[in-house]
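Every number in this text was worked out from the coordinates using simple rules, so none of it is lab data. Quick caveat: nothing in here was measured; it's all calculated off a predicted structure. Every residue, glycine among them, receives a Cβ derived from its backbone with ideal geometry; neighbour counts consider all protein chains shown.
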Amino acid sequence: MKSLIENSKVLVCVGSGGVGKTTVASSLALLGAQLGKRVLVLTVDPAQRLKTTMGIEEGQEAVEIKGHQITGQLFASVIDPKKTFDEFVMRASSQPERVKKILNNKLYVQLSTTLSGSQEFTALEKLYSSFESGKYDLIVLDTPPTKHAIDFLKAPQKLAALFTEGVAKWFRDPKATQQNFFLGLLQSGTKQVLKTLEALTGSDFMKELADFFQNIEQWQGQLEKRAGDVHSLLVSPTTSFVLITSFDEAKLKEAEYFSKEIKQGGYRLSALIINRAFPFWIQSGEQLQSKSPKVMNLYMQMKDYYQKREESFSRFSIRMNQQAKILRLPEMREDVSDISGVELLAKYIQEAK
Amino acid sequence: MIKSFQQEIIFVTGKGGVGKSAVAAGIALKRSKEGKKTLLVELGYQSFYTDYFAEQLKAPVAFSPVRVTDNLDVALWSGPECLREYAIYLLKSESIYKLFFENSVSKALINVAPALPELAITGKITSGPRHVGPPLRYDVIVVDAFATGHFLALLKAPQGMAEAIQFGPMGDQSRSIDKVLKDSNQCKYFIVSLPEELPTAESLELAEGIEKTLGAKPVIVMNKMLPVEVTPHEGASDFEKFLTNSQQRQNQALSLLGGRPLQKISFCFQNDSWKVVESISQEINL
């Protein structure tokens, strides 16, 4: 892992929700700082986990984290999706009076906070602007939690489709809006679609939608440029993906599928980290002698359970052979809830084979 | 018309990795064994249960329910599919729908239009009690819902839309969906958690969010509880230390819950998914 951290400028940590992505990302960042780098760890975290783990106060841009053996510097930042999106809109808009209008549009408020794809978009936006600032030697991105790891890579495309598919075009005739918006549209095909949609949703909704699309039209150029820049950054030789997964059949299957997708997308998957793969007691290889039959019984059951998992892991690692470096991390004795937990995990990552 | 038809809707959420889908399946299996016709619903585009129930299923999980076992079916609902079904129901013609919606422009719009997918999904889930849309002939619907933050966004969508859109069918539908979600006789909410500090703190945050949004009181399901009590002693083995540790962790997590409704599920040492689900179905109280 040392050479990966040394040779990377950007590490993108991906994985489905609940696998410990945030703590692993923090640990990788800490390792970088211990190697003398100026490191930023970025997270979009609705549950604010990194905040608790790293002790960051609300509303701060990037906070310096102090810890043992840091010879470089470690900064952590929690991305505020709403704020990042608003900032993007303000930068992308040429007309200030339109900015106000869009920021007040009810659908925009929904889009910038809850729409699927908007968190992924803001994460990449923040990653790029931090990279562009030139302040850091290494940026570790903890991606938003998704049901499936692959959703992260697909989300920006979904947002971009808004423009490439020409949806915005439907709503672009300002003259028509002044009278009856839909009647003003000349293309009969789209007119019919909109009429049908209006019958289903009501004119109130359609007005908001039209207003929304007219206002975001001006982002198109900026959004496309940004998408291009971000893509170049993600496929650059100094950017690596790290896939973090938990240890069960379904997750391992997903990891295999995801690693293929990453490759197909032209990205570099450098490491696969299986978090909480086994409890620490299983390593010691001790033979338990307990007087309590209950404890003995539980011990046998758990040993058997982890033995079977070991077998499925062997099959998995044969299939995954040479796709990426595979690391297995043990279940921690304590919950990782502060910097000392992150330090311990970083040590495990360094030692893991 | 259907008279005195009381459908039970059970939402199961929780952060990733806590065993949310297994618990949802366990709840559904329990109801089905009680003789209730039960539908287990997963949300999104990719099925989890297709692999999970590979032994039981004859076909992959899809929008139309497929059979898992007696009285138990499973379905996969995505926003666009729910919207499509609703639109066809209203238009009363699939060909009109196809004409207007089966093109890339409409598809892109439906995919990104704010809150529409969320609204369509909650609309479909609550379609039984609202008598809107094609009938869902099940006594019980168990929804393996989105994880934490996304789930709250799903529940908030109807309310948010009802506030934003005062008039027209969209506003009316949103209000009626919101009403069902808030009806504690109709909808129940379970949050699956692990007996550890961070997952528990997150579950509590979510429980408060659900209470605030809907006024409902969700039940917290502590999953993967370790069963044996041990007393720390001299020369304890690593395994005994692990048990002592886990126990402290569990007790701490439980103490965070205060007086909230709680259910415990023991750690199931099975690698076979059906056995896990059966064991949960026997342990859970509804």
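Spin-label model, A:Ser3 to A:Arg333: label points 7 Å out along the Cα-to-beta-carbon direction sit 3.3 nm apart.
Once the other residues with Cβ under 13 Å from the Cβ of B:Gln56 are scored (Lys, Arg +1; Asp, Glu -1), what is the net sum?
Values: positive: B:Lys58, B:Arg67, B:Lys275; negative: B:Asp51, B:Glu55, B:Asp70, B:Asp73, B:Asp272, B:Glu278.
So the environment of B:Gln56 carries a net charge of -3.
In a DSSP loop and with at most 10 other Cβ atoms within 10 Å, the trypsin sites (Lys or Arg not before Pro) in segment B:1-88 are B:Lys3, B:Lys58.
If I take every Cα pair under 8 Å that is 6 or more residues apart in segment B:218-275, average their sequence separation and divide by the length, what percent do I get for the relative contact order? Don't skip to the answer; put the middle values down first.
Working: 48 pairs, mean separation 33.4, N = 58.
Relative contact order comes out at 58 percent.
Just to verify a number: FRET efficiency for A:Lys303 and B:Gln248, C-beta to C-beta distance, R0 = 25 Å, to 0.05? Computed FRET efficiency for A:Lys303 and B:Gln248 comes out at 0.65.
What do you get for the angle between helix B:273-283 and the principal long axis of chain B? Use alpha-carbon atoms, 0 to 90 degrees, nearest ten. With rounding to tens, the tilt is 80 degrees.
With both labels modelled 7 Å from their Cα along Cα-to-Cβ, the A:Glu249 to B:Gln270 distance reads 1.2 nm.
Relative contact order for segment A:239-344: what is it in percent, counting Cα pairs under 8 Å that are at least 6 residues apart? Walk me through the intermediate numbers first.
Values: 102 pairs, mean separation 37.2, N = 106.
The value is 35 percent.
Straight-distance candidates among the aspartates and glutamates for linking to B:Lys98, with alpha-carbon spacing under 15 Å and chain neighbours fewer than 8 residues away dropped: B:Glu81, B:Glu85.
Expected output is a single nm value to one decimal: the length gained when fully extending between B:His131 and B:Lys36, i.e. 0.36 nm times separation in residues minus the C-alpha distance. What is it?
Details: separation 95, 0.36 × 95 = 34.20 nm, distance 1.99 nm.
Here the segment from B:His131 to B:Lys36 would lengthen by 32.2 nm.
Summed over qualifying helices (DSSP H, 4 residues or more, each -39500 (n - 2.57)) and divided by its residue number, chain B shows a 222 nm mean residue ellipticity of -15500 deg cm²/dmol. With a cut-off of 20 Å on the backbone N, the residues of segment B:170-185 near the modelled label site 7 Å out from B:Lys217 along Cα-Cβ are B:180-185. If you take the Cα centroid of segment A:334-353 and the Cα centroid of segment A:291-320, the two points sit 23 Å apart.
Please work out how many pairs of lysine residues in segment B:155-286 are eight or more positions apart (or on different chains) and have Cα atoms closer than 23 angstrom. Final tally of qualifying lysine pairs is 20. Which one of B:Leu91, B:Leu154, B:Leu206 has the biggest mean-square fluctuation once chain B is modelled by GNM with Cα springs under 10 Å? Most flexible of the set in this elastic network: B:Leu91. Under a no-solvent Debye model with one identical scatterer per Cα of chain B, what's log10 I(q)/I(0) at q = 0.08, 0.09, 0.16 Å⁻¹? Values returned for q = 0.08, 0.09, 0.16 Å⁻¹ are -0.37, -0.47, -1.31. Potential lengthening of the chain between B:Leu90 and B:Lys182 amounts to 30.6 nm, from the contour at 0.36 nm per residue minus the alpha-carbon distance.
Within 10 Å of each Cβ in peptide B:163-169, how many partner chain Cβ atoms are there on average? Round it to a whole number, please.
Details: counts 1, 8, 10, 2, 4, 10, 7.
Mean inter-chain Cβ contacts per residue within 10 Å come to 6.
Here segment B:221-249 is scanned for amide nitrogen atoms under 20 Å from the site 7 Å beyond the Cα of A:Glu286 along Cα-to-Cβ, giving B:226-249. In segment B:135-286, inverting the average of 1/r over every pair of distinct C-alpha atoms gives 18.0 Å as the Kirkwood radius.
Counting only alpha carbon atoms, the long axis of helix B:79-91 and the longest principal axis of chain B meet at about 30°. Electrostatic tally near B:Gly79: other residues with Cβ closer than 10 Å to its Cβ, Lys and Arg +1, Asp and Glu -1, net 0. Between B:Val228, B:Val276, B:Val132, the GNM of chain B built on Cα springs shorter than 10 angstrom shows B:Val228 fluctuating the most. With R₀ set to 41 Å, the beta-carbon distance separating A:Lys100 from A:Ser133 gives a calculated FRET efficiency near 0.90. For chain B, averaging the sequence separation of C-alpha pairs within contact (under 8 Å, six or more residues apart) and dividing by the residue count gives a relative contact order of 25 percent. Label-to-label distance for A:Thr71 and A:Met320 is 3.1 nm, based on points extended 7 Å past Cα in the beta-carbon direction.
Hey, with R₀ at 41 Å, roughly what FRET efficiency would B:Val228 and A:Gln264 work out to, going by the Cβ-Cβ distance, to 0.05? After rounding, the FRET efficiency stands at 0.30.
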